[in-house]
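The values are calculated or read from the model by the stated rules, or taken from the named source; none is laboratory data. Here the structure is a predicted model, which means the values were calculated and not measured. Reconstructed Cβ throughout: ideal geometry from the backbone, glycine too, with neighbour counts over all protein chains shown.
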Amino acid sequence: MEHVNNEAMNTEGIDPSFWRGLTQPRFSRRQALTASGLGLGAALAGSMGSATMAGAASSVGSKSWWKSQKLHHTLNFANWPYYIDVLAGKHPSLQNFTKQTGIKVNYFEVIQDNASFYQKIRPSLAAGQYTGYDIVVMTNNNPQLGYLMQLGWLVPLDHAMMKNFNKYAGPLIKSPSWDPGNKYTMAWQSGWTAIGYNNKKVKNPGDSVDILFNKKYAGRVGMLSDPFELGSVGLLAIGVEPAKSTESDWAKAAKKLQQQKSDGIVAAYYDQSYIQHLKNGDIDISMCYSGDIFQADLNSKYKDLTLLIPHEGAMLWTDNMCIPKYAQNPLDAMTAMDYFYSPVTQSVVEYYNDYICPVPAAKQQLLHPTGWNKAALASLKPEIGLPYSVTANSNVVFPSPARVKASKPYYNFKSQTEIDAWTSLFLPIIQGA
């Protein structure tokens, strides 16, 4: 456990609007499944009927297929809002990419959540048509990324073009459990689902997830309304790693979470709004997303908020770049994906983002820029308002070995039946049944 603080972080007078996480959070990514009542069975039913397509055009992504591809000097990139460096409406990292490669990037901030974006591109994929995007960014802790893999709707990556990735990618995102060998994905950014608390109200927090279940804080604890997050923390609380859990474990975790609710410990089950309730003092402790606590702590008004990574572990989620099948510019996509694994490039992205950086070597580039990033970082600094070292020295952005070890993967669902079993246990807790 460590309070993310730094005496160099003098933020007096800084407009909080400079901090994307304070005023423009990427909140919908965590709300869609709950808000829609987990209507995944219907969503998947039409998709699974097309599963035979996975074997069609099996040469896509092979070495010979990649060798036949040509640069088209254009790229359509779909990402989440407020998730890349921006200055005066332009993206320095993308501007430099075009300067280096001649590839023009059409960058679309169109992904508000995994479920709805999957529904948007699914009809095109099922019809064997271009989705309009050459790179999409999908998260590993919701089922949709798995659907795309299982249905053969992602292009296997050209590992011969992953030179930066192979050299600089960090241990958290190399050959992850959801995509062994990085066959289909390269991480964009990561974060933890952990615990945030007010250190003025909680004096002896300890280092355990048990703090969420302590009757001492009855009515002052916030839990997340995403059933995949809720179930995962319930499993950690009974001493089971989610990735290795069984349906029997899920039932035990649900029982513990139901007891927590019955004991009056839970104030509410929140979407991204939990962070505002923590800031307002409505609750003292909450499940949280690591980037929210880091960004809140940078504002002098909220330095009482502290991130706790419990000894049982914290759930690691990753937003992944991948190439949808039938992409028109796959070679341009591969070129861009590996470009973002240059420490020089990633230092610029990370100074803006403040999530877990996929490139540990970017830390030194933040402290001592050596390339085009020097001018880019200097241009961003008046908006960000803090020294580069604040990001570079953060254990939330560049985690210590202990935090890497504490990072836990989510359960990889093997079928819609398993998803239904999970949600039938955890969704009623959130909905009040």
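Looking across the stretch 374-433, the residues that are within 20 Å of Asp297 (Cβ to Cβ), crowded, with 20+ Cβ neighbours inside 10 Å and among the hydrophobic types (A, V, I, L, M, F, W, C) come down to Ile384, Val390, Ala392, Val396, Val397, Phe398. Scanning the stretch 260-270 for residues that are surrounded by fewer than 19 Cβ atoms within 10 Å (Cβ to Cβ) and either under 26 Å from Ser407 (Cβ atoms) or free of Cβ contacts under 8 Å to residues at least 24 places away in the same chain (or both) turns up just one, Ser262.
Do any residues in the stretch 84-99 that are assigned by TED's automatic domain parsing to the domain that holds Val349 and among the small types (Gly, Ala, Ser) have Cβ atoms under 7 Å from those of residues that are surrounded by 16 or more Cβ atoms within 10 Å (Cβ to Cβ) and part of a loop (DSSP other than H, G, I, E, B), where the two are at least six apart or on different chains, and which pairs are they? Pairs found: Ser93/Ile84; Ser93/Asp85. Looking at Leu235, Leu151, just one residue is buried (at least 20 other Cβ atoms within 10 Å of the Cβ), closer than 15 Å to Met315 by Cβ and touching a Ser or Thr at 6+ places or on another chain (Cβ under 9 Å), and that residue is Leu235. Any idea which residue in the stretch 398-433 is modelled with the lowest pLDDT, counting only those that are touching a Leu at 6+ places or on another chain (Cβ under 7 Å) and over 19 Å from Glu312 (Cα atoms)? Out of the qualifying residues, it is Gln416. With respect to being more than 17 Å from Val397 (Cβ to Cβ), of a type in the set (A, V, I, L, M) and under 21 Å from the mean Cα position of the chain (by Cα), Ala314 falls outside the description.
Is it the case that Phe77 is outside any loop (DSSP other than H, G, I, E, B), in the same structural domain as Tyr339 (by TED's automatic domain parsing), farther than 13 Å from Val137 by Cβ and in contact with a strand residue (DSSP E or B) (Cβ under 7 Å, 6 or more places away or on another chain)? Spelling it out, it is not the case that Phe77 is outside any loop (DSSP other than H, G, I, E, B), in the same structural domain as Tyr339 (by TED's automatic domain parsing), farther than 13 Å from Val137 by Cβ and in contact with a strand residue (DSSP E or B) (Cβ under 7 Å, 6 or more places away or on another chain).
For Ala127, the conditions (1) surrounded by 23 or more Cβ atoms within 10 Å (Cβ to Cβ); (2) hydrophobic (A, V, I, L, M, F, W, C); (3) free of Cβ contacts under 8 Å to residues at least 40 places away in the same chain all hold with the exception of (1). Please specify each residue of the stretch 41-70 satisfying the condition of being within 20 Å of Val136 (Cβ to Cβ), at pLDDT 55 or above and not polar (S, T, N, Q). Within the stretch 41-70, Val60, Gly61, Trp65, Trp66 meet the criteria. With respect to the conditions (1) within 30 Å of Gly231 (Cβ to Cβ); (2) outside any helix (DSSP H, G or I); (3) at pLDDT 95 or above, Ile121 falls short on a single one, namely (2). Screening Val396 on (1) assigned by TED's automatic domain parsing to the domain that holds Lys174; (2) hydrophobic (A, V, I, L, M, F, W, C); (3) touching a strand residue (DSSP E or B) at 6+ places or on another chain (Cβ under 7 Å) shows it passes everything except condition (1).
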